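Asker: Before anything else, here's the structure in question.
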Amino acid sequence: GFQTCVVSNFDTRLRPLLAELGVAQYFDAMAISAEVGAEKPNPLIFQRAFEMLGVEPQHALHLGDDRRNDIWGARDAGCHALLWGADVGGWDEAVEEILRVETTLGPR
């Protein structure tokens, strides 16, 4: 199975906001810049997410919408990265890419 983590350049209001929206329970972890002390594209925020999930960077995939902050940052941290709107254009494509990467990586 998959684990999910929000990696966000946001402040401490994000957790209550996601809870209020009813989506917080869909994430296994949250690496929020205000809590971590580092913002994307700094690899430290991604490394904190890997630690929270207990995964090695090469077994992680980051899906983001900003080339510099999300894609370059995630790749600098050692994980796979997909750019929303360029690499994938919708959720179906995103799931296909996640499954492709999981198959390529093999068992953890």
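Asker: Can you give me the number of residues within region 81-94 that are without any contact (Cβ under 8 Å) to a residue 24 or more places away in the chain and under 16 Å from ALA60 (Cβ atoms)?
Answerer: Counting residues in region 81-94 that are without any contact (Cβ under 8 Å) to a residue 24 or more places away in the chain and under 16 Å from ALA60 (Cβ atoms) gives 4.
Condition check ((1) open to solvent by 40 Å² or more (accessible area, probe 1.4 Å); (2) of a type outside the set (D, E, K, R); (3) under 16 Å from VAL101 (Cβ atoms)) across all residues:
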site: ALA38; (1), (2), (3): no, yes, no
site: GLN47; (1), (2), (3): yes, yes, no
site: PHE50; (1), (2), (3): no, yes, yes
site: GLU56; (1), (2), (3): yes, no, yes
site: ALA60; (1), (2), (3): no, yes, yes
site: ASN69; (1), (2), (3): no, yes, no
site: ALA74; (1), (2), (3): no, yes, yes
site: CYS79; (1), (2), (3): no, yes, yes
site: LEU83; (1), (2), (3): no, yes, yes
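Asker: Within region 12-63, how many residues turn out to be touching a residue at least 40 places away in the same chain (Cβ under 8 Å) and not in a loop (DSSP other than H, G, I, E, B)?
Answerer: Residues flagged as touching a residue at least 40 places away in the same chain (Cβ under 8 Å) and not in a loop (DSSP other than H, G, I, E, B) within region 12-63 amount to 7.
Asker: Is it true that ASN9 is open to solvent by 20 Å² or more (accessible area, probe 1.4 Å), farther than 20 Å from VAL101 by Cβ and touching a residue at least 40 places away in the same chain (Cβ under 8 Å)?
Answerer: Numbers: open to solvent by 20 Å² or more (accessible area, probe 1.4 Å): yes; farther than 20 Å from VAL101 by Cβ: yes; touching a residue at least 40 places away in the same chain (Cβ under 8 Å): yes.
Against the criterion (open to solvent by 20 Å² or more (accessible area, probe 1.4 Å), farther than 20 Å from VAL101 by Cβ and touching a residue at least 40 places away in the same chain (Cβ under 8 Å)), ASN9 qualifies.
Asker: Can you find a residue in region 84-104 that is in contact with a Gly (Cβ under 8 Å, 6 or more places away or on another chain) and either of a type in the set (Ser, Thr, Tyr) or part of a loop (DSSP other than H, G, I, E, B) (or both)?
Answerer: The answer is no, given that none of the residues of region 84-104 is in contact with a Gly (Cβ under 8 Å, 6 or more places away or on another chain) and either of a type in the set (Ser, Thr, Tyr) or part of a loop (DSSP other than H, G, I, E, B) (or both).
Asker: Just the residues that are open to solvent by 80 Å² or more (accessible area, probe 1.4 Å) and either among the acidic types (Asp, Glu) or under 20 Å from ALA94 (Cα atoms) (or both), please, taken from region 12-36.
Answerer: Answer for region 12-36, where residues must be open to solvent by 80 Å² or more (accessible area, probe 1.4 Å) and either among the acidic types (Asp, Glu) or under 20 Å from ALA94 (Cα atoms) (or both): GLU20, TYR26, ASP28, GLU35.
The values are calculated or read from the model by the stated rules, or taken from the named source; none is laboratory data. Remember, it's a predicted structure, so these values are computed and weren't measured experimentally. Please note: Cβ atoms are built from the backbone with ideal geometry, for glycine as well, and neighbour counts cover all protein chains shown. Accessible surface areas use protein heavy atoms only, side chains included; no ligands, DNA or RNA. Shrake-Rupley method; radii C 1.70, N 1.55, O 1.52, S 1.80 Å.
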